[in-house]
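Worksheet for the structure shown next.
Nothing in this text is a laboratory measurement; each read-out follows from the coordinates by a stated rule. The shown structure was predicted, so the numbers you read here are calculated from the model rather than taken from an experiment. Positions of Cβ are backbone-derived with ideal geometry, glycine not excepted, and every protein chain shown enters the neighbour counts.
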Amino acid sequence: MKRTDLFLTRHKEGFARLAWCMVASLMLVVVGCSRPYIEATSIHPDSDKQIEFTASRGDVEGTITKMEIEVDGTVVASDNDATATYTGGPYPTHSNSKLTFAAIATKSGGDKVRKSGWVYVANPKNVYSYTSPSGSNNGYPDATSEQTGANLYRLDKSIVRNHAINAIMEYANANSLSVFKVYNTADHLVAAVARYVDEHMSWRSDNTNPTVFANNGYGNYSPGWDFPQPADLTLSISGNLTNATPNDDFQGDCEDHAILRAALLRALGFAPWAIWDAIDNPVSHEYNIVLYEGAYRLMDYGTIDRWLDTHTWDSHRSFYGWNENNGPRGATSTQNNYLKNNTDNYPGGKSDGEPWSYEIYYKDISP
Amino acid sequence: MESLGVTRSIIKIFHHSDEFKKLISHTERFIMKLHNIMHKKYSGLLIVFVFFFSSQLFAQQQEKARMQPISFYEGAVAVEKISGFVELHDGEDPETEFKVVLRNEGERSEQIEVGFRGAQARKVSLNQGESQSISISPTTSFSGEAGRAQKADIDMMLHFNGKLVQKPVETVNVEVRLPQQASGLIRANKQLKQGDGNAYYLTGQGVYLTELSVVYTTGPVALDIKKQIRPTRIDEKGPVKVTLQIKNKGSGTAQNVLIEEDYDPRDFSGEGENFEVYEGKVNDRRLLWSQTIDRIPAGETVEISYELIANMPVHDTKLSATTASIDGELVGVSNEIFLPGE
C-alpha cells in the first residue's frame, strides 16, 4: 500500500466528519444570507434634508410578521407587514459622517433577520476658512503653475462675497423663498449660483477677453494657459464698456463661468471639497461638478436643472479636475487626474461601487 | 542639538502654506540664535517657547484667511416701501434720492442703523407700531464717456445694523431717468417698465433688492432690439426661427451696424455664410452668427430672420442677448430668451 493510500484509509472517518461539517457550514451561510432589504433616499443625503428609508422583504422567505426600521441605533418605525417606510431627519448632528440604519424582519416563528447599512450625511455648508491667494501678480496667477483655486476664486475680495449674496437674494425672489432658507440649504445655494451666473454672464471669446483686461487697468495680467479670469475681475471689469461691447453684466468663456460659479459658492461657505472645476478630455470645455441632491452633478451653462437628466449625447467627458484643494488648473493626464483619483469624490468614500467614469456625474448613472 | 531638531519638527507640523514658508526661515534663524545663547539645561524651555510661537503664527495665518458667515437682521423692523429716483447723467455719476419707509412690528421700541450696502448708515428710533420715512443714499458707480454708451450701477441692497434684512421689501417703486439727450436705454439687468419720455420704473412687491445696472447712450444711435424665437419652447430637435426687430430710436442714421449672436454648439447648429463655428485657442467652442446692416434711418425698424437647428431639446438655459455695434461701440442689446424646462 502506498503511503498516501495508507494515510487516507487511516483518516477516512475524520475526512467524512470534515465533509459533513463543511456542508453544514455552507447551509448555515446560505440560511444566514437571507436578509431583508433597506435603502435610503440617496447615498449622500444632505444634512439639511429629510431622509426616506424603505425596508422590504429582500430575499427573506416565508411569512414576515413585523418589519422594523432602525436609525442610529433606535427603532423608529414598525409595521406588521413585510415592508416599512420611515422619513426622518434632517440629521445635522451627523454632518459629514456616517448615519447607520437597519431593517429588522421578524419571521412567523419569531426569528429575526437584520440588514444594516449606512449613508454619509453630506454637509458642504459653513466652511469659511479659505486658502490665501499667493499668485506672483498681486495674488493673481502669473503663470500656468499659479492657476490655483486660491488665486482665481479670490475669496479675499469683497466683491465676490457681495455678488454671492446677490445670487441668494435673487434666487429667493424668483422662488418666493426666504433668503435665510436659501442660505441654509445646500441645494438652494447651488441652484442660486447656477441661476445667477446664467442670468448675468454671457460668453465672450478669449480673443477679446485679454484686450478688455488690458483696457481696464490689467494689462499686466498674464496667467498663462487659456487666460482664466479671476472671479473678482470677471465681476468688476469684464462687463465694462471701454473698448468692448458687452451684452451682459459679466463676460467670459467657459472656464470663466466655471471659476465664477465655484468662487460664488465658496463665498457662501460651500465646502471646497464639494465644488470642482472640470475639464473635458479631449480638452474642449470647462464647467463645474458640484455636490447637489446628494451626489456630484454637472453644473454648466444654464440653471442647475439643465444637465441633471440630459444624457442623450456626449456633452461632457469630465476628466481633468481642480478646485481649491487640488490643483493647479491644467490638463495633463499625469498631473490633473484629481477627479478620478481624489478620495473626496465621493465624500465618505462611498460611491455607487462602480469604477470611476466621467459618466458618473449623470443622474441616470450616478446613484 | 536635540532641542533644535524638536523645534524644527514642531514648525514643520504647522508648515502648510507658501506664506508660512517665508516665516519659517526667519523663525529658524531666531531659534539658532536662541540656542546659542541659552545653556543646554534650558532646552525644554526653548521647546515650549517655540511651540507657543509657532501656534500663534499658525493661528494668525488661519485667521487671515477666513470669511465671516452672513449675518441676518432678525429684529422687528420691516421695510414697508422703497421709493425714489435715479437720475442718470451724460458722462457723470448718477444722482439718487431714496426714501425708505420702516415699520416697527415689535412690542417695544427699536433703535437700528439703516443703510444700503457699502453706503453710510443712519440711526433710526422707532416706537412700537410706528412707521417712519427716512432718506438714505446708495453707493453708485459709473463707467463710460459722454456722448457714447455709459453704464451706471446702483447698489440697493438694504442693511440693518450692518446685517442683511431677512424680510423682503414690501413695495418698490424707483424711477430711473435717462439724461435728456439720451437716445435710449441699451439694457438693464432688471426688468424696467418704460414710462413717459426717458423715464423707466423699477417696481415690485415682496422682493429683495440687489444691484441695478443700467446701460444707456447719449450718442446719436440707440437700437431697440426685440428677439423672438419660434417655437417658443424647444422640446425636440429641429428648426428654430429667430426673428430680430431692430428699431433705431436715436436721432441719427445707423450705418454699418454689426449684429452678433452666439449659441452653445452642443445645442444648436446653423448653415449659411452668417454662421461660424468658433474653436477657442485652447478651450471652449461656440456657434457664432453675424450680419451687417448697411443702414437704419432714425425712427425706422428693420426685421431680420434666420433659421437655427436645435440639435436636441434645449431646456433650463438662456439664449444670450443679441449685440449691435458700430465701429466697436455698443449701440444696442436685445432681450434674453429663457428656455423653460419641461
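Brief remarks follow.
- Each listed q (0.15, 0.19, 0.22 Å⁻¹) maps to a log10 I(q)/I(0) for segment B:105-199, found by the Debye formula over equal Cα scatterers with no solvent: -0.77, -1.03, -1.22.
- Three principal axis extents describe the C-alpha atoms of segment A:172-305; from largest down they are 41, 35, 22 Å.
- Set B:K151/B:K226; A:K181/B:K99; B:K190/B:K318; B:K99/B:K193; A:K181/B:K123; A:K157/B:K318 screened for pairs whose C-alpha atoms are more than 23 Å apart: A:K181/B:K99; A:K181/B:K123; A:K157/B:K318
- Reachable aspartates and glutamates from A:K340, criterion Cα separation under 20 angstrom, eight or more residues apart if same chain: A:E255, A:D277, A:D280, A:E286, A:D300, A:D314, A:E324, A:D352, A:E354, A:E359, A:D364
- Zero-based 5 Å bins, Cα pair distances in segment A:37-121, whole percents: 3, 17, 28, 22, 14, 9, 5, 2, 0
- Its Cα gyration tensor gives segment B:223-339 an equivalent ellipsoid. The semi-axes, each the square root of 5 times an eigenvalue, are 26, 16, 12 Å from largest down.
- Rounded to 10°, Cα long-axis angle of helix A:186-200 versus longest principal axis of chain A: 30
- Each part gets one Cα centre, and for segment B:90-147 versus segment B:280-342 those centres are 38 Å apart.
- Shielding by other protein chains, A:243-255, mean Cβ within 10 Å: 6
- Reachable aspartates and glutamates from B:K167, criterion Cα separation under 18 angstrom, eight or more residues apart if same chain: A:E170, B:E74, B:E80, B:E105, B:E107, B:E110, B:E113, B:E130, B:D155, B:E211
- In segment B:143-232, the GluC sites (Glu not before Pro) that fall in loop regions by DSSP, at most 16 other Cβ within 10 Å: B:E145
- Integer Hz, Karplus 6.51/-1.76/1.60 couplings in order for segment A:206-212, x for Gly and Pro: 6, 6, 9, 3, x, 5, 5
- Between 0 and 90 degrees, the angle of helix A:158-175 with respect to the longest Cα principal axis of chain A falls at about 70 degrees.
- Kirkwood hydrodynamic radius (C-alpha pairs) into Stokes-Einstein, chain A, 37 °C and 0.692 mPa s, D in µm²/s: 140
- Acute angle (nearest 10 degrees) that the helix A:254-267 long axis makes with the longest principal axis of chain A, alpha-carbon atoms: 70
- Once Rg and the Kirkwood radius are both taken over the C-alpha atoms of segment B:169-252, their ratio Rg/Rh works out to 1.08.
- The trypsin sites (Lys or Arg not before Pro) of segment B:258-342 meeting both criteria, a DSSP state outside H, G, I, E and B (loop) and at most 14 other C-beta atoms within 10 angstrom of the site's C-beta, are B:K281.
- Residues B:F160, B:F275, sorted so that the one with the fewest Cβ neighbours within 10 Å comes first: B:F275, B:F160
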